[in-house]
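What follows is one structure encoded as C-alpha cells, with my remarks underneath.
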Amino acid sequence: MLTGCLALATVIPLAACSPTVRLEPADLSNAVECANMMVRLPDTVDGLERRRVDAQSTAAWGLPTAVLLRCGVPRPGPSTLLCVTVDGVDWLIDEGDAPRFVFTTFGLDPATEVIVDSELASGTAALRTVSGAVAAQSEPVARCVDASDILSD
C-alpha cells in the first residue's frame, strides 16, 4: 500500500507542473489599479489553464503559452489602430505581428495589454474572458471614437 501512495505522490506533482512563464513587468505594474484587476482574472481563458508567472501584474494561459497579459503599460494616446469595445472595455488592436495580436486597453490608466497567439487561442474569446476583470481596474479616462463621431455633415 505504501508503494502505491509513493507512486501516486510522484505522478500527481509531475502531471500538474508546468514551467514558469518568464515575463517583463510593465513600468507601472505596482499600481493599485493593476492589483484590483489581477485578483479578478480567470483561471482559464479559451479553455486554456492559467500558468505561473515570474513578474508582478502579469498572467499567462496555455501550454504552450497562447495568451499573455501585462498590466501597467503606458496609456496609449490617439491612435489610428482599430478600436473595439468588449464588455465595456475599449481595446486597440495591433495586427503588425500577426498571427500574434496585441490588444491594449484604450482609456484606462495604467493600460493593460493582452497578447494572443491566434494559432493557439481566439483573441475574441480571450478579450471576452478578461474584460470583466480589466473593467474592475478603474474608470476610463477616455473612450474610443470613430471619425463619424467627431465629423458633422
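The values are calculated or read from the model by the stated rules, or taken from the named source; none is laboratory data. Since we're looking at a predicted model, the values are computed, not measured. Please note: Cβ atoms are built from the backbone with ideal geometry, for glycine as well, and neighbour counts cover all protein chains shown.
Of all residues in segment 11-51 being polar (S, T, N, Q) and either part of a loop (DSSP other than H, G, I, E, B) or farther than 16 Å from Ala66 by Cα (or both), which is modelled with the lowest pLDDT? First the steps, then the outcome.
Our first condition is that a residue be polar (S, T, N, Q); within segment 11-51, this holds for 18, 20, 29-30, 36, 44.
Then drop every residue that is not either part of a loop (DSSP other than H, G, I, E, B) or farther than 16 Å from Ala66 by Cα (or both), which leaves 18, 20, 29-30, 36.
Values: Ser18: 76, Thr20: 94, Ser29: 97, Asn30: 96, Asn36: 93.
Across segment 11-51, the extreme among qualifying residues is Ser18.
Got a number for residues in segment 55-73 being loosely packed, with under 13 Cβ neighbours inside 10 Å and closer than 20 Å to Pro110 by Cα? Break it down stepwise before answering.
From segment 55-73, those loosely packed, with under 13 Cβ neighbours inside 10 Å are 64; that's our starting set.
Next, from what is left, pick out any that are closer than 20 Å to Pro110 by Cα: none.
Number of matching residues: 0.
Taking only segment 50-59 into account, find how many residues are closer than 20 Å to Ala126 by Cβ and more than 13 Å from the chain's Cα centre (by Cα). Explain how you work it out, then say what you get.
Here is the first cut: in segment 50-59, the residues closer than 20 Å to Ala126 by Cβ are 50-53, 55, 57-59.
Narrowing the set further to residues that are more than 13 Å from the chain's Cα centre (by Cα) leaves 52, 55.
Total satisfying the criteria: 2.
May I ask you to list pairs of residues, at least six apart or on different chains, whose Cβ atoms are under 8 Å apart, with the first in segment 67-94 being on the phi > 0 side of the Ramachandran plot and the second being part of a loop (DSSP other than H, G, I, E, B) and of a type in the set (A, V, I, L, M)?
Pairs found: Gly72/Ala26; Gly72/Leu28; Gly72/Ala31.
One residue is enough: does segment 116-129 have a residue meeting the conditions of a type in the set (D, E, K, R), in contact with a Gly (Cβ under 9 Å, 6 or more places away or on another chain) and either surrounded by 13 or more Cβ atoms within 10 Å (Cβ to Cβ) or farther than 27 Å from Asn30 by Cα (or both)? Quick ask: steps written out before the conclusion?
Step one: list which residues in segment 116-129 are of a type in the set (D, E, K, R), which gives 117, 119, 128.
If we keep only those that are in contact with a Gly (Cβ under 9 Å, 6 or more places away or on another chain) as well, we get 117.
Subsequent filtering for residues that are either surrounded by 13 or more Cβ atoms within 10 Å (Cβ to Cβ) or farther than 27 Å from Asn30 by Cα (or both) retains 117.
For segment 116-129, residues of a type in the set (D, E, K, R), in contact with a Gly (Cβ under 9 Å, 6 or more places away or on another chain) and either surrounded by 13 or more Cβ atoms within 10 Å (Cβ to Cβ) or farther than 27 Å from Asn30 by Cα (or both): present.
Tell me, which strands (runs of 3 or more DSSP E) lie completely within segment 78-151 with 2 or more residues that are within 12 Å of the chain's Cα centre (by Cα)? Show your work before the answer.
On the way: elements: 82-86, 89-97, 100-105, 111-117.
Strands (runs of 3 or more DSSP E) meeting the threshold: 100-105, 111-117.
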